[in-house]
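In what follows, a single structure is set out as structure tokens and then discussed.
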Amino acid sequence: MNEITRRHFFAKSATGLGLAALGSLLPGEAQARGGLGGLPHFAPKAKRVIYLFQHGAPSQLDLFDYKPELAKLRGVDLPASIRMGQRLTGMTAYQTTFPTAPSIFKFAQHGSSGMWLSELLPHTAKAADHLCLVKSMHTEAINHDPAVTFFQTGFQLAGRPSIGSWLSYGLGSESEDLPAFVVMVSQGKGNAQALADRQWASGFLPTRYQGVKFRSGADPVLFLSDPSGYSTEARRRFLDDLAQMNQVKLREYQDPEIATRIAQYEMAFRMQASVPELADLSKEPESTFELYGEDSRTPGTYAANCILARRLAERGVRFIQLFHRGWDQHGNLPADIKKQCVQTDQPSAALVLDLQRRGMLEDTLVVWGGEFGRTVYSQGTLTETNYGRDHHPRCFSMWLAGGGIKGGMSYGETDEFSYNIAGNPVDVHDLHATILHCLGVDHTKLTYKFQGRHYRLTDVHGRVVKDLLA
Amino acid sequence: MILFLRLSTLLLLATAALAQRRVEFNRDVRPILSDKCFLCHGPDAVNRKIPLRLDSEAAAKADLGNRRAIVEGNPKLSGLMHRITAEKTAVRMPPAYSGLKLSPEEVETLRTWIAQGARWEKHWAFNPPRRAEPPAVKQRGWVRNPIDAFILARLERAALAPSSEAAKETLLRRVSLDLTGVAPSPDEMDAFLKDRSANAYEKAVDRLLGSPRYGERMAARWLDAARYADTNGYQYDGERVMWRWRDWVIDAFNRNQRFDQFTLEQVAGDLLPARRLDQVIATGFNRNHRGNTEDGIIPEEYRVEYVVDRVETTSTVFLGLTLGCARCHNHKYDPFTQKEFYQLFAYFNNVPEMGRAMKYGNSPPLVPAPTADQEGAQKRLQQRIDALERIVNGHATPASWTETAHWRLSSGLDAWFPFDQAENTTAGVFDKAGVFDGTAAPEFAGVAAYDIGDHFTLSAWVKPEGAGGAPPANGAIVSRMADTARGKGIGLYLREGKLHFHITSNYNDDAIRMESEGKVPAGDWHHVAVTYNGSVAASGAQFYIDGRAVKAVVSQDTLYRPFRNAGSRFREPFLIGAGGGKENRFRGAIDEVLLYGRALSSEEVEAVAARSATPGSSRLRWSYLSTDAPLEIREAWGELHRVRREKEKLERSFPTVMVMGEMETPRQTHLLLRGAYDKPGEAVASGVPESLHKMPAGAPANRLGLAQWLISKENPLMARVTVNRFWQMYFGTGLVKTVEDFGVQGEWPTHPELLDWLATEFVRTGWDVKAMQKLIVTSATYRQSSKATPELIQKDPENRLLARMSRVRLPAEMIRDQMLHAAGLLSEKIGGPSVKPYQPDGLWKELTMQDSDYVLSQGEDLYRRSLYTFWKRTVSPPMMMNFDSSMRESCTVRESRTNTPLQALNLMNDVTFLEAARRVGERMMREGGASPDQRLGYGFRLLLARYPAAEERKILAGSLSYHLDYFATKPERVDAYLTQGASPIAAGLDRRELAAYASVASLIVNLDEAVNRE
């Protein structure tokens, strides 16, 4: 339907109007590219999402899920009544013992709700009243790639559209010179697992809905910069000539796609200006860098990407997703997680506070979390100061903040080992349904027919977790 | 926008002429029932809250106790009509919670259908194709072949006329791109324009079909369907080697292999009687799926995924069915049960494979797949070996000859430890031997640096402590491994008399462990050896005790990661008498340790293990030949070894390809509850779905039988599905738009009689693929102009009726290939390992683990056709992805085209296209003629295969003069702009002018026409 609409739009507009008029038609084009009829399904609380994906799976036990009683059980084999024969990864399935490893980090209560947070997150603690901490997340996947794919697409095997693609397909873009779905990747200091471009791909949706990766350096978007020796003025002239030539063709063939192509070259030209402007942090006041921390002065860091995320949000980008690698702490966890937190704690919290100060937190949903949790028992040898943790899909923590979400609350309970969920479970589909709900989208109604089936992000599952909503 | 949408809907409705024509069940009604009702009232019982079924006529019209859903001829009495028109939401169907809704038009269709008698039909695609006579048409003169009659009849019904034939230039560019993937050269175009004969076009088509480029073009789409890639996918995404399969596909298209045979060999080439290597290579089709190598996976979970992938791919490609939907439950729309899914699963479930793929390289089962050149070289070496053997064998050992000096097999010897100069020695087998007391052990750095894929032999004489056959001490004989109990590396141990051989990457789940059945007695000298052929499987290792092969018991056979892995090095020293921890020191004496960088033959091990050369033994013979035979014989003997090693080296360099195989004892297949690997339900045997055609008589109950079933004349689907994909290649859309789904949720064909005619024609001509392409591209339908009119766009926006030829955006690979071709850069080389052309720096590094970085190819390999571009699944080539290439994660048959700003950036600023533009600029100046106008026209022709029109010439000339000024103003811009890519900037040309011409070439590269086939 979208296709026909667009074709008709250009059949009507571009053929009848001269080249000069095309420029002013572009906002119309932007609207035509965006969104399905009937969406949003109801008044949205959030207009956009910033998803801070902590890739590799941070340990809930050392950051969020406070278990003071575990100190007494240090080194004690995890009781079978807790493990309940659940499957383990091949990395610890052969361990003869599963020694309980309490976190060596101190926890304290923060904010008016008294949210327990680890000493590793002093900045996050300051934003506690904005956060909705969900401690009862669980997933089906036990290995990184399927688990990330599950979070991104609602299915463990590659091939379905990512959540950002679904949203740009359903809601379109609010920006005329930036893509609707932008991704940024930063490198952590700990054990990193591989990531893949398909994690932000559009699956069976048309590729125009795929996430566009912004990189640090000369070309924030691939092929953005004109070749050296070629000025913006030359490019402008080039595009004018190109449009004229394409107009000749359009007159002769009447193919609406030619008009679209003319418009897309104009959009590309605008991106050549808007993206470097966006990526250029030199005009940010000193206070910004103080807020986001020292790292934020270095392009490509998680902190710098958090500033960019705010700038993208300001410019109307629908779905902004950061991936920060390096959370896969099978061994040497205490030292490595500390480094990861030094990189991520301050900027994550700064982003929430910054949005709030600018009045944007109301309609921006911020999500923070990894692809699964980590085990309470030590992978490898447990010592006084060192331990490792294996993958744990049965419970882990994430936080949400802003648009449509109740701040200053902790939700869900785990058992005394943070091994099983004791109350209010939230699965990946529920999270997706809830995110969509905040954006005014009924997750059962955002569908796309492919191979005879009406696919949706939440497959045949998912429920909106109303308790989390403001 | 909503206004336009409504308008178009109304138009479509008007043209469908619903009100007047008879409503057809298959075309009009079943799609509604299927899409909106089957979810709960279809083949799967799970959602069915009441017994009503709408997928079978009997059930839909059954008496449900005074109520009937459908009463023939009477909508008012039909319960269905009441429910779908009910005012109350609680009563109305489909229920609100389903998210489904019937449009007023759909309700009317159902009402009309019931009023007209509610006639039911079997789903069209499950009926065999019916070959109808090409229909009579008014404009008979337009018809070139039967395709046109079907197309024209439909146009005439819609009161539309076909378009005129495209200009000759357009036509040759169109058919050249469509059949070979590159545009015609100016010479080819001139020859065609000059040829005034009536069959000039047919001659051009024949020339193109005979070009080797044709096979590459056809293969490109097949690789999408077969999810071909050069890496494993999932997380680590290590490299695999499947290009021999890819080259087999190109060759199959070029030699015009019958499509039924093409299918048979890919599905079951390994099971054919008297199969050839190429037929086994063909089965790589079903091994192109992803493979998971992540540390810590549960292998069975992924082994099941591989089998599921094969079922899904097979059903999409050869049947156009979405059988994968029946993995977790009965199909919601089509008549396939979950059990039937697992019956098909059973055909693909007997591959001797592991769920965990090899981290680097191919996973078994695999075969060495030499190229023709390699086979030639192998044959020549074998001939040389035969000749040398004749010389050597022609010379007998003198009967009285005895060994004087101790002989040692030196061919392929990497290291030799005789212990004759050692500190702590005792009498050995040959001179002195080393004494091992369980404490110190000698270390040798840099020796035996074998990894899991290497070939090697470990050989030693041992005298374990103990007497009279008492259990000897445990201990390592030789090792190269971390000196801990479960350390990484290679070790040969003696434990309670038995030989143990370990290759360990991770002791738990990434290792080979095996022990000998026979024992080595203590207290005396015995020879022990193990050979290993690099197969990464226990079956590739062989124990020997005293020169005789002994059987092994394998306790672990799951090796998948090399020692040097993901950037980690492996620097352990070689140890004698130690390895595997302090408790594992050898006690006794060791002599004559020999390490070979190859797996010795049993005859060689026997000779190495012989203490003395007995008359008639190989050892005596070899000892003579290498020490005491006449000079020319000794030289021949030495040469023989050299050539044998050369042949071994060549054979080890053969690319391998993953292929299908059958286990001797098939796995028992179970229905998997909810599709989960760990929830087996009832046992099922292989079989084909009940609602499709029967197995051919006498077909075996294995994959070969399945392949015979697929290519059987009774199969209603394969020919239709295949010609429909061909149709999509030329017209942008299939006759059935849902090329992947011919089930009830698929789209009704725009021209059902034509589809059936083509399908029957395909079978009638013996599945002749080239003939089918020729039929399509020589039709008047194909030869039409692709110019549209506002009226046509209004009436038929998607051009489904084909009153004009479709104007189609080129596939990604064709965009790049034809630009390189115009630039004179495109390499003509066919096949071979995949190559790495330009891509922006750092893309792999950002996402992958540390040891995989993109290393740019050199020279010709930068300019190979795009189907040879290395396809890394997790970081796909960005240009290909920008232009809608399939991801190669899973089977993709639907072509997709979008139009985005990223494409614009890609064509403007990617070095690939800037370098090509510069080269076109050079060709303009060198070959184009003297005047700027001639030169511009020539460049235009190189890229677009036509001369520019006057208006275009003016714009191009304006652009040229702008750029001449632009580069003149700041001369430093010139070299900066021209420095693009690895090819040198042509000498002897004015650089400022060149930069200007290159800029105009770039302009042409970016034209909509350049990326479209008109």
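Every read-out reported here was derived from the displayed coordinates using simple, explicitly stated rules and does not represent laboratory data. Remember, it's a predicted structure, so these values are computed and weren't measured experimentally. Don't worry about glycine lacking a Cβ; one is built from the backbone with ideal geometry, like all the others, and counts go over all protein chains shown.
Structural remarks
- Within chain B, helix-based [θ] at 222 nm, where runs of 4 or more DSSP H residues each add -39,500 (n - 2.57), nearest 500: -11500 deg cm²/dmol
- Annotation: extensible slack from B:Asp63 through B:Arg611 equals 188.0 nm (criterion: 0.36 nm per residue apart, minus Cα-Cα distance).
- Partner shielding of A:240-247 amounts to 6, given as the average count of beta-carbon atoms from other chains within 10 Å of each residue beta-carbon.
- For segment B:420-522, applying the loop criterion from DSSP together with a ceiling of 16 other beta carbons within 10 Å to the GluC sites (Glu not before Pro) yields B:Glu423, B:Glu496.
- Whether segment A:327-470 is rounded, prolate or oblate, judged on the alpha carbon gyration tensor where a/c under 1.5 counts as rounded: oblate
- For segment A:319-470, a crude dipole built from +1 on the beta carbon of Lys and Arg and -1 on the beta carbon of Asp and Glu, taken about the Cα centre, is about 500 debye to the nearest 20.
- Amide H contacts of B:Thr869 (H built 1.01 Å from N, under 5 Å, at least 5 apart or other chain): B:Val835
- Annotation for segment B:580-670: trypsin sites (Lys or Arg not before Pro) lying in DSSP loop with at most 14 further Cβ atoms inside 10 Å of their Cβ are B:Arg611, B:Arg667.
- Normalised by the number of residues in chain B, the average gap of Cα pairs under 8 Å and 6 or more apart makes the relative contact order 16 percent.
- Bridging of B:Lys76 to lysines at a Cα separation below 22 Å is possible for B:Lys36, B:Lys61, B:Lys88, B:Lys101, once same-chain residues fewer than 8 apart are set aside.
- Shown in residue order for segment B:307-322 are the 3J(HN,Hα) couplings computed by the Karplus curve 6.51 cos²θ - 1.76 cosθ + 1.60 at θ = phi - 60°: 5, 4, 4, 5, 5, 5, 5, 4, 6, 5, 6, 9, 10, x, 10, 9 Hz (x for Gly and Pro).
- Ranking B:His82, B:Leu110, B:Leu100 by how far each Cα lies toward the positive end of the dipole of segment B:16-121 (charges on Cβ) leaves B:His82 at the top.
- Here the spin labels are modelled as points 7 Å beyond Cα on the Cα-Cβ line, and at B:Lys49 and B:Ser931 they lie 8.0 nm apart.
- Across segment B:396-628, Cα pairs under 8 Å and at least six residues apart give a relative contact order of 31 percent.
- Principal-axis tilt of helix A:256-279 within chain A, Cα atoms, nearest 10 degrees: 50
- Here the simple spin-label model places points 7 Å from the Cα toward Cβ, and for B:Glu202 and B:Arg22 these points are separated by 3.9 nm.
- In chain A, the longest principal axis of the Cα atoms and the axis of helix A:428-438 are about 50 degrees apart.
- Cβ-placed point charges (K, R +1; D, E -1), dipole of segment B:389-459 about Cα centre in debye, nearest 20: 340
- Once the C-beta distance of A:Ser81 and B:Asp678 is scaled by a Förster radius of 22 Å, the resulting FRET efficiency is 0.55 to the nearest 0.05.
- Spin-label zone in segment B:31-74 - amide nitrogen under 17 Å from a point set 7 Å from the Cα of B:Glu690 along the C-beta vector: B:42-46, B:53-60
- At most 13 other Cβ within 10 Å, DSSP loop - trypsin sites (Lys or Arg not before Pro), segment B:792-838: B:Lys829
- Relative to the longest principal axis of the Cα atoms of chain A, the long axis of helix A:333-357 lies at roughly 50 degrees.
- Rounded to the nearest 20 debye, the dipole magnitude of segment B:396-628 is 400 debye, with +1 charges on Lys and Arg beta carbons, -1 on Asp and Glu beta carbons, and the Cα centre as origin.
- With the simple model of a label 7 Å out from the Cα in the direction of the Cβ, B:Val553 to B:Phe570 spans 2.7 nm.
- Restraint check, B:Lys551/B:Lys649; B:Lys787/B:Lys954; A:Lys338/A:Lys466; A:Lys449/B:Lys795; B:Lys649/B:Lys836; A:Lys45/A:Lys135, Cα-Cα greater than 31 Å: A:Lys338/A:Lys466
- Given their separation in residues at 0.36 nm each and the Cα-Cα distance between them, B:Ser185 and B:Gln116 gain 19.0 nm when the chain is fully extended.
- Cα pair distances in the protein assembly as shown, grouped into 10 Å bins until the bin that holds the longest one, percent each: 1, 7, 14, 18, 19, 17, 12, 7, 3, 1, 0, 0
- Those residues of segment B:341-383 whose amide nitrogen sits under 16 Å from the label point placed on B:Arg275, 7 Å along Cα→Cβ: B:347-353, B:364-370
- Applying 1/(1 + (r/R0)^6) with r as the Cβ-Cβ distance of B:Glu972 and B:Gln261 and R0 = 56 angstrom yields a FRET efficiency of 0.35.
- A:Glu277-B:Lys845 FRET efficiency (beta carbon distance; Förster radius 22 Å; 0.05 resolution): 0.25
- Label zone at B:Glu603, where the point sits 7 Å out along the Cα-to-Cβ direction: segment B:395-410 residues whose backbone N lies under 16 Å: B:395-397, B:409-410
- Global form of segment B:16-121, assessed from the alpha-carbon gyration tensor, a/c cut-off 1.5: rounded
- Counted residue by residue at 0.36 nm each, then reduced by the alpha carbon distance between them, the extension gain from B:Asp420 to B:Ser400 reaches 4.2 nm.
- Chain A, relative contact order in percent, only Cα pairs under 8 angstrom and at least six apart counted: 29
- Inter-chain neighbour count for B:977-983: the average number of beta-carbon atoms from partner chains within 10 Å of each residue's beta-carbon is 2.
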